[in-house]
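Beneath this line is the structure, given in structure tokens, with notes to follow.
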Amino acid sequence: MTERSEADAQRPDAGGQRLTTRETAERLGVKPETVYAYVSRGQLSSSRAPGGRGSTFDAAEVDALVRRNGRREPSSAQGEPAVRTGITLIADDRYYFRGVDATELAARYSYEEVAEWLWTGELRPGIRFTAPEQAVVAARRAVGALPVHCGSTDRLRVAVVAAAAADPLRFDLSRDAVLGGARSLIPALVAALPTVSGEEGRLSASDSLARQLWPKLAARQPDDPSLSALNTALALLIDHDLAASTLAARVAASARAHPYAVVSAGLGVLEGPLHGAASGLAHRMLAEVLERGGAAPVVADHLRAGRRVPGLGHRLYTGEDPRARTLFGLLARIPQAGPALAAAREVVATTARDTPLHANVDLALAVLSVASGMPAEAGETIFAISRTAGWIAHALEEYGERPLRMRPSGHYTGPRPPQPLPYP
């Protein structure tokens, strides 16, 4: 079916929403051939699509079949586990939140508004998240007891536990309760982080989350372009399909862990250097490029040591990461970001002589953190705060699925039994 006929098949005037064969198969979790088997058995009815190309199916009838038979999880072509989700689609070097281009959402709306869109599919202009005083006090007290050398992810993990302990309703997994908890947890996490200057500035409930987060990352006052770049970074990073931390969060939700525990599971995975901490490596690299006056010797050192050059390449994109492209466009409007942005471009150009790798979002976050005088871990903090909303979105989705469905079978490779009983 062509794109035009697919669109025509789903028009409101076509007698209700119509699904293509592929969409029907995905919703049922079966192969396209099985869809036609359902038709032959009388379990589904089909109609020819406009132009006579392929068949279409009534969405309500398909959903009724799902309820009767249950849904099967699809398997990917590579044999990797696949999970049905209606949150994020990554296709053709772009990504979409509930069908809407994520970069356009992030460029136009605040982090909180994009989070609401991800959670509910509804836009709530001007929404602000606020945390109850009890949660903030508990989180700050717990974070304040940590050693001074602890990183931001350590602090966030402790803050989540403290906020959970302060919420006696955390075990209520109803949709409204989960959403209410999420709207209070995220600002509580931000409030729990110490300010860079050591002094708590005055913030009001009308301030955006980006404005609340800025003094936790940088000592200087933000100008409007810098604050806009931070807000957009937060909105861009909310979700990215089933990244490692998101999968961990969904496993926790599948076991019916409460939302705070779901976020804790995500944070536990995020800290790895191949995930949330990757921007810190890119930050240090850019700082070294600026210090040494060029990218070539820095890139050479990485290659000589057998290390990957940070901030380059992404397994889901053949070209430039759309999140990086969007952030670079905003950073170009910030005069003080010029040197760091030029350094990033030089890194890309230098490595392109050998391997054509494009910039990813970690490199763009590094430009923001270096240019703003933020510490190397600032990108990881931005990532963690932002992705909390995505983990909640996936938890909401998972709570509606069969409990404990994410239970893969182990492929045992140890000694075959029976083995003799060991003795000291």
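The values are calculated or read from the model by the stated rules, or taken from the named source; none is laboratory data. Just so it is clear, the model here is predicted, and its values are computed rather than measured. Note that each Cβ is placed from the backbone with ideal geometry, even for glycine, and that neighbours are counted across all protein chains shown.
Structure notes:
- The criterion of at least 3 residues that are outside the structural domain of residue 180 (by TED's automatic domain parsing) and free of Cβ contacts under 8 Å to residues at least 60 places away in the same chain is met by the following helices (runs of 4 or more DSSP H) wholly inside segment 291-402: 296-304, 322-331, 338-352.
- Residue check, residue 409 touching a residue at least 40 places away in the same chain (Cβ under 8 Å) and closer than 30 Å to residue 157 by Cα: no
- Considering segment 243-259, and only residues there that are of a type outside the set (A, V, I, L, M) and crowded, with 21+ Cβ neighbours inside 10 Å, the residue that is nearest to residue 407 (Cα to Cα) turns out to be 250.
- Failed criterion for residue 84 (all others in (1) exposed (fewer than 15 other Cβ atoms within 10 Å of the Cβ); (2) in contact (Cβ under 8 Å) with a residue 24 or more places away in the chain; (3) over 27 Å from residue 401 (Cβ atoms) hold): (3)
- Any hit, segment 159-176, residues being free of Cβ contacts under 8 Å to residues at least 40 places away in the same chain, over 20 Å from the mean Cα position of the chain (by Cα), assigned to a loop (DSSP other than H, G, I, E, B) and closer than 21 Å to residue 126 by Cβ: no
- Options 303, 217, 209, 236: the member that is over 18 Å from residue 381 (Cα atoms) and not small (Gly, Ala, Ser): 303
- Meets criteria (surrounded by 17 or more Cβ atoms within 10 Å (Cβ to Cβ) and modelled with pLDDT of 95 or more) for residue 309: no
- Count - residues of segment 260-285 that are under 26 Å from residue 341 (Cα atoms), crowded, with 18+ Cβ neighbours inside 10 Å and aliphatic (A, V, I, L, M): 6
- Residue in segment 267-281 that is over 19 Å from residue 370 (Cα atoms), free of Cβ contacts under 8 Å to residues at least 40 places away in the same chain, among the aliphatic types (A, V, I, L, M) and not in a loop (DSSP other than H, G, I, E, B) present: yes
- When segment 115-137 is limited to residues that are touching a residue at least 40 places away in the same chain (Cβ under 8 Å) and of a type in the set (Gly, Ala, Ser), the one that is nearest to residue 104 (Cα to Cα) turns out to be 115.
- The test for being touching a Pro at 6+ places or on another chain (Cβ under 8 Å) and assigned to a loop (DSSP other than H, G, I, E, B) holds for residue 408.
- Residue that is surrounded by the fewest Cβ atoms within 10 Å (Cβ to Cβ) [pool: residues in segment 28-46 that are modelled with pLDDT of 80 or more and either touching a strand residue (DSSP E or B) at 6+ places or on another chain (Cβ under 7 Å) or small (Gly, Ala, Ser) (or both)]: 45
- Hits in segment 114-136 - residues which are surrounded by 17 or more Cβ atoms within 10 Å (Cβ to Cβ) and of a type in the set (A, V, I, L, M, F, W, C): 114, 115, 117, 118, 119, 129, 131, 135, 136
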